[in-house]
Structures are given as structure tokens and as C-alpha cells.
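As C-alpha cells, the structure follows; a few thoughts come after it.
The values are calculated or read from the model by the stated rules, or taken from the named source; none is laboratory data. It should be emphasised that the depicted structure is a prediction, and the values quoted were computed from it without experimental measurement. All Cβ positions, glycine included, derive from the backbone under ideal geometry; neighbour counts span all protein chains shown. Each accessible area value is taken on the protein alone, full model and side chains, heavy atoms only, with ligands, DNA and RNA left out. Shrake-Rupley method; radii C 1.70, N 1.55, O 1.52, S 1.80 Å.
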Amino acid sequence: MDQAPVRRIVIAGGGTAGWIAAAALVKLIGPLIEVTLVESDEIGTVGVGESTIPTARTFHQLLGIDERAFLRETSSTFKLGILFEDWAKQGDRYIHSFGQIGKSTWMGDFHHFWMQARAEGWGGELGDYCFEYQAAKAGRFAIPDQGHINYAYHLDAGRYARFLRGFAEPQGVVRVEGRIERVEQHPETGFVTALMLASGERLEGDLFLDCTGFRGLLIEQTLQAGYADWGHWLPTDSALAVQTASVGPAVPYTRATAHEAGWQWRIPLQHRVGNGLVYAQAFLDDDRARALLDSRIEGEKLIEPRMIRFKAGRRRKVWDKNVVALGLASGFVEPLESTSIHLIMIAITRLVQLFPFGGVRDGVTARFNAMSTAEIEKIRDFIILHYHLNQRGDGGFWDQCRTMAIPDSLAERIAAWRDGAIAWQASDDLFRVDSWVQVMLGQRLEPRSHHHMGRMIVEGELQGALGKLKSDIANTVAQMPAHQDFIDRYIAG
Ligand code: FAD
């Protein structure tokens, strides 16, 4: 492995991944490095990726990004979770909210109390005990002066990249416009030494970040790092993306509506709605997919639908030699739980933590790769869960998802939930217990039993405690403004 000190960073690609990486590097370790980003207007970006999870907020705080300026310039809205429609069965609806549900104890998680109540014939819905769930359902939003709300953003992908560019360039990132035509490698080590642009310009570097999207120009086309294909677990491989005019006030959640061979997203922004149909070509051809999208979108189309092909999976080595792949170049689970932008943010944060100032060496790259693999495999399991636990009786795609063999790691979770309502957040697991619980229940996986800790409480006390939790949440939500009103007021402030 090359042990030359690392100072010159070249970022190939200026989509969401490239600009997130540039912004983070220059802000967090800028004085120690030089950052150059090359992007090609001719090639463009994937143009989707507009729903995030709450870690985006933490990342913005780390970079010192002003939230109001971000919301104004990217036409973002707030997101409290995802509304799943027609997933377990047609007509079903549940929200996977970002909130904490009730109050857990050392003995067990809150849902065991709720299951006790339900077994006794009272207790309502689990979502009654979650503030973010109720706020989402009511279409309300506010950032309280005191207390806490766990939220993320819906953002305009194009504007977000421009916003980050406006953040990164004044701090020293050098942007080069041009098409990379050739990647130069060291004849002995195979390390990348420079990128040759169509203009004839040569960009030398010590460390290269491959943010070139699905093509993986450096990590795959040059280094052939390999790809673990998860198509047998996640058979969707195509998307039709379209932007439409808003037909009503923006809701504070993403909508994910299942259809015969996949699902449809609706992401409300301040100025428009992001829409798309995700589907498996093996079960729905492109013409039928177009017709299905047309029949389901609300609002005037602002652009013609764009086709995107993808392959669910992960790059076998996201860091190979002196190339680190970020974003779509590093792998793609599928957009159902909006995890890709999170993976970019966590990867660049990890790179800063493990930064190879003294030279690229195996021990560090192995650690980076192991952490990245563990993380994306857990996300993969969570996504498969939504597809696998279905009772839809409408044919091929859903039948295949229900009957397919699943990873052992997921089978173990499903068994623990089915047998004892046990859910957990493992280390490296992005999704919290409440996320697993909401989706397993939402997908109609009913446990055979639960912990009886609720029966240890004096009669009446559990009823009182749960009743108070529920009414406190309802009262707080009733006083919150409508989501759109809050945005208007907040960005003006
Ligand atoms: P791209 O946007 O493809 O950017 C690649 C960049 O590389 C471009 O700037 C391009 O010009 C440049 N480039 C490529 N080749 C060359 C070359 N030869 N020379 C110079 N420059 C070059 N993520 C979420 O978090 N939430 C979501 O809701 C979500 N929805 C999605 C829906 C779909 C259908 C898909 C496919 C993805 C979705 N994602 C989502 C993922 C998200 O879109 C990406 O993670 C994110 O946009 C990052 O993309 P990227 O920057 O890696 O690639």
C-alpha cells in the first residue's frame, strides 16, 4: 500500500454525494487538505433523492449549516416519517414515524405495555403514544422551544447540490467543470494518480472520492472492486421519476404507496412534489409502468418522466487502494426508507474520523470497509422486511417477495418478534427498536406473546399512565400550527 502523505483530495462527481463530501471535508479538516471537485454538466446527476432521515439534521449541525437558509434555498419541507399505503394488504395504512413511542423501561420496550393493554381490550393504536406520529397524521409541525421533535427534510436534489456548492466553494473547494475521460494509475501499485479530462486538463491527487453515481468510474470501471448483487432479495430495478405541481399544502411525511410490482413515492416540497414509480421490470414492463404512473399522479407534470435503472447491492470494497466510493458509486439498497443520503453523510463523517493523513494503509481501509458493510447490510434487512411481510394476493411480484428465502439475520429478527415481540437495535444498526416495531406491526406480523411487565403494575395505574401519555400528545399536537404555516413563518424569521 502507498504510504505517501495524503493532502490533495480529488472528488469525481458533483451530485449530492460529491457536494456533501466537498462541504464536509472543507469545513471539518479544510486547513489540512486541498479539495478539488470535478463534475460534468454534459453528464448531469441522477436527479432524485429528495427524502431524508433525521441524521441529516445532525450532519447539518456538524457543518454549521443555517437551517432557515437551507430551507429557503432548497425549498425543503419537514418530514416526520413515511406513510405506507397498501403494503401488507390493499387498503392498509401505517406510518413509520421518526418519534419515540411511549416510555420504555429497563425490563422491556414500551410496546409490551401497549400489547398488554390491547390484550385487555383497551389501549388504542400504538401510534397514539408517539408525538411525531400524531403530528404527521394531523399534518402539523413546529420546532418547540422546549422539548423535542425528531424530524428530517424533504429537499429539492438539484437545489441542494447548488446550496452545498455555495457553502463549499467560498471555503476553498476548487470546482472544475469537465468530463473525465481517462483514469491514470501507478504502474506498480495500481493507485490512481490522476484524472484526465476531455479538455486535456490533468487532475493529480493523493486520495480520490468516486462520486460518479451508478457508473462508478474509478471504483468499478478502473479498480473493479466488485459488486454484491441483492436483486434476489430486492427485485425492484427501475424507477420512473417525475415532478408535479402541488395540489394542496405540503404534508410532513413521504408517501410510499405499494402497487402491483413495487411502489410509488410522493415527496412534497415547498414549490412542487417529487413523484416516482419504483418497479421490477420482470413483473411490469416499461410501457405499463408509464401508464400506471400516469394514472396515479396528482397534479400537472412539470417534466417528462425520467427512467432510472438500478441494481440493489453494495460495492464489495467501498475503499479500494486510494479510492473511496460514496453515494450511488458505493451501492444502493433501494429508496424505500430514504437511506442513501444518510449513507453518504455517515461515510464522509467516517472518512474524516479515519482520515489517512500519513498515507493509505490496509488496516484503516479494512476498518472503513467493515463498518460500511455492517451498516448497509442492516439497512438492507430492514428494507427487505417491508416486501417480505406482505399478505397481498395480487400476484407474481408480491408472491415472490413473500416466499423468497431471506437473509438469516432478518429471519432471526422475524422469529424473535413473532415469538415474543422482541425487537432490538444492534450496534451499527441505523434503525431503532421503534422503527422495527412500527414496520413489523404495520406489515401485520402479530407476535404470539409479549412480556407481561404491564401486569406487574397495580390495576388502574397502567391505564392512568397510558391515558396521560396519549392525552398529553393529543393536546400538544392540537396546539401546533399546520405544517405549511410553520414553514412560511419559520423561513421568513
Ligand atoms: P449522481 O447524482 O449520479 O452524480 C454523479 C456525478 O458524477 C454527476 O455530477 C456527474 O456529472 C458526475 N460524473 C459522472 N461521470 C463523470 C465523468 N466521466 N466526468 C465528470 N463527471 C462525471 N436517496 C435518499 O436518501 N432519499 C431518497 O428519497 C432517494 N430516492 C431515490 C430514488 C431513486 C429512484 C434513486 C435511483 C435513488 C434515490 N436516492 C435516494 C439515492 C440518491 O438519489 C443518491 O444517493 C444521491 O442523489 C447521490 O447520487 P450521487 O451523487 O452518488 O450520483
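Observations on the model:
- Distant-in-sequence amide contacts of TRP230, defined by a placed amide H-H separation under 5 Å and a gap of 5 or more residues or a different chain, comprise ALA312, GLY313, ARG314.
- Seen from ALA152, the other residues with C-beta closer than 10 Å to its C-beta sum to a net charge of +2, counting Lys and Arg as +1 and Asp and Glu as -1.
- Cut-off 19 Å (backbone N to label point 7 Å along Cα→Cβ of ALA138), residues of the stretch 471-493: 471-490
- In percent, rounded to a whole number, the relative contact order of the chain is 23, using alpha-carbon pairs under 8 Å and six or more apart.
- Length gained on full extension, LEU62 to ALA416: 123.8 nm, using 0.36 nm per residue less the C-alpha separation.
- When each of LYS317/LYS378; LYS27/LYS301; LYS103/LYS137; LYS137/LYS468; LYS89/LYS137 is checked by Cα-Cα distance, pairs over 27 Å: LYS27/LYS301
- Positive contributions from Lys and Arg (+1) and negative ones from Asp and Glu (-1), summed over other residues with Cβ under 11 Å from the Cβ of GLU201, come out at -1.
- Alpha-carbon centroid distance for the pair the stretch 201-250 / the stretch 303-345, whole angstrom: 4
- Figure legend: label point modelled 7 angstrom from the Cα of GLU260 along Cα→Cβ; residues of the stretch 380-421 with amide N under 19 Å from it are 391-402.
- DSSP beta bridges fully contained in the chain are about 70 percent antiparallel.
- Applying D = kT/(6 pi eta Rh) to the chain, where Rh is the Kirkwood radius over alpha-carbon pairs, T corresponds to 37 °C and eta to 0.692 mPa s, the Stokes-Einstein value obtained is 138 µm²/s.
- The coefficient of translational diffusion for the stretch 238-309, derived via Stokes-Einstein from the alpha carbon Kirkwood radius under 25 °C and 0.890 mPa s, stands at 201 µm²/s.
- Part-to-part distance (alpha-carbon centres) for the stretch 382-410 and the stretch 252-288, which is given in Å: 18
- Near the amide H of GLN185, within less than 5 Å, lie the amide hydrogens of THR193, all on another chain or at least 5 residues away, with H placed in the peptide plane.
- Note on ALA245/MET307: beta-carbon distance plugged into 1/(1 + (r/R0)^6) with R0 of 25 Å gives a FRET efficiency of 0.70.
- The simple spin-label model puts a point 7 Å past each Cα toward its Cβ; for ARG455 and ASN475 those points are separated by 3.3 nm.
- Each residue was assigned an accessible area with a 1.4 Å probe, and for ASP41 the value is about 100 Å².
- Accessible area in square angstrom per residue, the chain, 1.4 angstrom probe: 41
- Calculated mean residue ellipticity, 222 nm, the chain: -11000 deg cm²/dmol, from DSSP H runs (n ≥ 4) at -39500 (n - 2.57) each, averaged per residue and rounded to 500.
- Fraction of C-alpha pairs exceeding 18 angstrom in the stretch 19-72: 49 percent, rounded to a whole number.
- To the nearest 10, the accessible area of LEU62 is 90 Å² with a 1.4 Å probe.
- Applying the Karplus relation 6.51 cos²θ - 1.76 cosθ + 1.60 with θ = phi - 60° to the stretch 307-314 yields 3J(HN,Hα) values of 8, 10, 9, 8, 10, 5, x, 9 Hz, where x marks Gly and Pro.
- Net dipole in debye of the stretch 238-309 [+1 Lys, Arg Cβ; -1 Asp, Glu Cβ; about Cα centre; nearest 20]: 220
- Rounded percent of accessible protein surface that carbon and sulfur make up, the chain, 1.4 Å probe: 49
- Rounded to whole Hz, the Karplus (6.51, -1.76, 1.60) HN-Hα couplings of the stretch 166-181, x for glycine and proline: x, 7, 7, 4, x, 8, x, 5, 9, 9, 10, 9, x, 9, 6, 9
- Distant-in-sequence amide contacts of SER449, defined by a placed amide H-H separation under 5 Å and a gap of 5 or more residues or a different chain, comprise GLY420, ALA421.
- Here the simple spin-label model places points 7 Å from the Cα toward Cβ, and for GLN3 and SER295 these points are separated by 6.6 nm.
- Rolling a 1.4 Å probe over the protein heavy atoms leaves LYS317 with an accessible area of roughly 90 Å².
- Theoretical gain in end-to-end length, ALA198 to ARG118 [0.36 nm per residue, Cα-Cα removed]: 22.2 nm
- Ordering 81-89, 296-304 by mean Cβ neighbour count within 10 Å, with the highest value first, yields 81-89, 296-304.
- Residue (of GLY108, TYR279, THR36) at the positive-pole extreme of the chain, dipole from beta-carbon charges: GLY108
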